[in-house]
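Written below as structure tokens is the structure these notes are about.
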Amino acid sequence: MVPPTYDPKPATLTTIQWEDEKTFCYLVEIKGISVGRRKDNNMINGTKLLNLSGMTRGKRDGILKSELERSVIKSGLMVLKGVWITFERAKELAKEYGIHDMLHPLLE
């Protein structure tokens, strides 16, 4: 599934300090959605990642609820809120839903 209106131009990578978690977070913004990767443990914001695929909220939430290794962030900056999943699982989901290439360099 290729998300509609995807522009294949290179994504911009930025870094922010995540004070509550005492780490830094790398962000790639695509189609107005910022997908984050923690510097300390490489976890990826699975909520934002799956939003890129254009799937429904219900399907996204169902996938993320079944993740064995996850961390739910409910407070803080909007770009940091969501369900964070392991790096390897994020790569698998990105490939499965056709969004891996647009997330370069975050998933490298």
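Odds and ends about this structure:
- In order along segment 53-64, phi translates into HN-Hα couplings of 6, x, 6, 5, 4, x, 5, 4, 5, x, 5, 5 Hz, rounded to whole numbers, per the Karplus curve 6.51 cos²θ - 1.76 cosθ + 1.60 with θ = phi - 60° and x for Gly and Pro.
- Taking every alpha-carbon pair in the chain and binning the separations at 5 Å intervals from zero gives 2, 13, 26, 27, 20, 10, 2, 0 percent.
- Size of charge dipole - the chain - debye, nearest 20, with Cβ of Lys, Arg +1 and Asp, Glu -1, no other charges: 280 debye
Read-outs: derived from the displayed coordinates by stated rules, not from any lab. The shown structure was predicted, so the numbers you read here are calculated from the model rather than taken from an experiment. Virtual Cβ from ideal backbone geometry, glycine too; neighbours counted across all protein chains shown.
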